[in-house]
Each structure stands twice: as structure tokens, then as C-alpha cells.
Amino acid sequence: MRAMRWLIVWILWIHAAAAAAQTSDSSFDEGFGDDPDFPVEAAPQATDAETPPADSEDEDPTLEVVEDEDTSWLFSVGALVTAPIEDDWDDALASRGYGNPSPSYGADVGVLYRATRWLNVGLRLAARHRYWLHWERPAATLFGTDVLLSLDARISPGRVFQLGLHASGGLGLASVSLNGERKLRALGRVQVGPLFTFKLTGTLRAMVRLAYDHARGELANDLRANLGGFTFMVGFEVRE
Amino acid sequence: MRWLLWSCLGLLACRELPEGPTRLYEESFEDVCVDESTGAETPCGWSQIAGPEGGASWVDTIHPGEHGIRLAGEGTIVRGPAGMERTSVLRFGAVELYVSARCDVGTQLIVEAGLRDVETGASDTFRGRATPSDEWGNGTIVALVSDFALVDGGVSGGMFGSANVRIDILSLRVSGGGACEVDHMIIDDVGLAVGPNPDADEGC
């Protein structure tokens, strides 16, 4: 219950920040505050800041940084969780007294280059952890890292929100630990899905990405494990 | 900050599992003892009592951290320890074996368990044959049955009664000329040998 309360507070704070950013957008980005010595109306730039007709977005200086020709890089960080899909490996562990696989919990860091107005290309680095509990032994664990080449395409229906699709693919290493012994395996990963961002303040955006991960490979003795599944990622993005 | 600290404590508390079920017999072949004369590593309490030399060995199975016993060659028999002073109430006068194993095609694993009625002292031998796949995967369920009717003077019990029993002796052998690898065994009352395994959310 306490976690739910904090989640609701967080969501309300994001909405409030987004609304505040929308109303004071130009003054924040341009560095102008409510300084009576430099009223927005008196500055030369202020004239340009008067809201133009919605059609001429290219001439509107209140547009967010993403429309700015100088915006080239997007940096993102977030937390992710993937629902498990059971496979041969999980059956083999279950016959030895291990429980069902946990969801994968992890983190994701990305650096994307804005190739065109709507297309971004770059790299993502992700780390994930999964475990299988046992009544009498330490849990079996799997820790994996991936390096993925990532593409995403976005549209901006408004000045705050962005919708898009993302696709990533690459290679990673998985370290499987049982009873204190480790074994490394290389695994490929492909993921696709929608993404959604909204502006918080300045160059900071909140991001939500959904994906279907395909990452199935042999862990040992012809036993295949499915380390993919439906993934939910939430985080932040900064534009430079 | 206080909320963050309480969340961390909550996460730690979630990882403390409750106690698992108590089995009539369970063997995972992970406790290893070194033979002082030969220096060989063997599962504690297990020894080869018949068959060609080297017919039984301790091996890695699906991972360097998972081990089992490998039986190769017709006539290879290994004997294991007693059932750790556990007793079980048999509701149907039979016991069930759940074994994680793999055997070469055409090879069977034969299990014999000596059960003793704790109250009367009567004993009986329960046998079963398992035909596991030649690849690791799901475990195999095998019924262990006795030559004697339990209500007739062997180990008491049967469908209308119950018996408090203990496993005093256990042996494994292969039949068919090939080899079998056994990683994990559970023996318990009918319907209880399989699971329950801990859920990933256990303890939360």
C-alpha cells in the first residue's frame, strides 16, 4: 500500500511538472524568469516568442529543443522488467527442486544520435538478473549484459508528447550460477515495440518503452533457455 | 530516504524462504567425500558394491555446479545411505520416486528401497524401473512397489490403513548395457514426491 501511495504521488508530480513546463516553456528554455527588469514582452526575442499560428512550427521559438537544429544526441537511462517464459532449462531445474523463474529485473542505458527529424540511431547497454529459488540451496542465478544496436522512429503530436517505435538487436553474455559455480554463455537478443515520452522540464523527458524480447539460447547440455519475453521499461531521457 | 531504506529491508525480507517440505528420502549428490585410499571424490554415503571397476562415478550433469552419479555397465550397483531419520505416513501402502536422470537409449534405471515400519519393525523392499529420456529435461515418476501385500505381514499399511516408515537402505543399478546419470531423487508418499518447489515470490 505504501508503495502504491508513492507511485500515485510520483505520477501526480510528473503531470504537474509537465503542465508547469508547458505554460512556462519559453521562459525556462530561454533563461528568462519573472524578472521585472527584463519582462518577456520587452526583449527582442520576446517578439519572436509570441505564439505563431500552429501551422508555422518552424518559426516558433517556443518549440521544445527537439525541434532545434542543434539537438543531436539523446541519452537515456531506465529500469526494466521482463516477464519469464519457461523452457527446457527451467524444466531441468524444476526436476532438481528449483522453483519457477523469476521475472528479469535490470537497467538500460542508451546513447542515440538524431539522424533525421524523426529517426534516432545508437547503442544501448542493458544488464539483467533472474533467479530460481531452492528450499535447501542457494538460488540459481543468471546475470546477463547486452550491447544492442538501436533504432527508433518518433512523431510529436504535440509539444509535450512523443510516440514511436523502437527496434534493437545485438549480443550479450549470460553468467549462470549454480551452487557457487559459474558458466558463461553468449546469447543474441532482438527486441521491438512502442515507446512513449513526455517532456518533464527543459531537456528532460520521461520515457516508457514496451517490447517483446527474443533471446533464446542454449545454456548447457542442449538445454535451451528463453531469456526474453514481454518487457516494460521506464526511465528518463536527456537531449543535447 | 526513510522510504528507500524500508524498501530495501522489505526486499531482503522477501528473500528468506520458509522451510520446504520434509521428504521420506531426498538425494541430490552434491555432498562429496574423498576416499582416503584412492583420492576419488564420491557422494557421501554412496559406494559401488557390484559391477566393473569404475562403473560408478561422480560427474557434472547440466552445469559445473550440478552433480550426479553415473552408472555404466550391466551389473553395476551402488548403495546409498539411509533416509536421514525421517518418517512418512503411507496412505496407500506404496511409495513414489521422482528422479531427475538421463539414460542411454535402451537402458533402464532400477531402484530398490528397503522400508521399515517404525512401530512394528517389519521391513520390506520396494522396487521400481525408470526409463528416463536420453536428454536432460523433466523428471520421471516411478511407483515403487513391494512383492508382499502390505497388509499381509510386510510393512503394514494399504488403502485402509497407514504406516510410519523409514528408508534404511537404497540401491541403484542399470539394466540394458548402457549408462545412466542420476542427478536428483525424491521418495515420498504417492502424490507427494513431486513439488512443491518454491515460488519466485515465496516469502514476500
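Points to keep in mind about this one:
- FRET efficiency, residue A:77 to residue B:135 (Cβ-Cβ, R0 41 Å, nearest 0.05): 0.45
- Exposure check, 1.4 Å probe, all protein chains in place: residue A:75 carries approximately 80 Å² of accessible surface.
- Rounded if a/c under 1.5, otherwise prolate or oblate - region A:118-219, Cα gyration tensor axes: prolate
- Accessible area in the full protein assembly, largest first, 1.4 Å probe, for B:131, A:82, B:140: B:131, B:140, A:82
- 10 Å Cβ neighbours from other chains, averaged over peptide B:190-201: 4
- Rounded to the nearest 10 square angstrom, residue B:169 shows an accessible area of 70 square angstrom against a 1.4 Å probe.
- Largest-first ordering by accessible area, 1.4 Å probe, given options B:76, B:120: B:120, B:76
- By a 1.4 Å probe calculation restricted to protein chains, residue A:81 has an accessible surface near 50 Å², given to the nearest 10.
- Estimated distance in nm for a label pair at residue B:50 and residue B:33, the labels positioned 7 Å out from Cα along Cα-to-Cβ: 2.2 nm
- Counting charges near residue A:185 (Lys, Arg +1; Asp, Glu -1) among other residues having Cβ under 12 Å from its Cβ returns a value of +3.
- Taking label positions 7 Å along the Cα-Cβ direction at both residue A:117 and residue B:108, the computed distance is 7.6 nm, reported to one decimal.
- Tensor-based shape of region B:35-78 (alpha-carbon gyration tensor, a/c under 1.5 rounded, otherwise prolate or oblate): oblate
The values are calculated or read from the model by the stated rules, or taken from the named source; none is laboratory data. Just so we're clear, the structure is a prediction, and the values are computed from it rather than from any experiment. Positions of Cβ are generated from backbone atoms using ideal geometry, with glycine treated the same way; all protein chains shown enter the neighbour counts. For accessibility, only protein heavy atoms count, side chains too; no ligands or nucleic acids. Shrake-Rupley method; radii C 1.70, N 1.55, O 1.52, S 1.80 Å.
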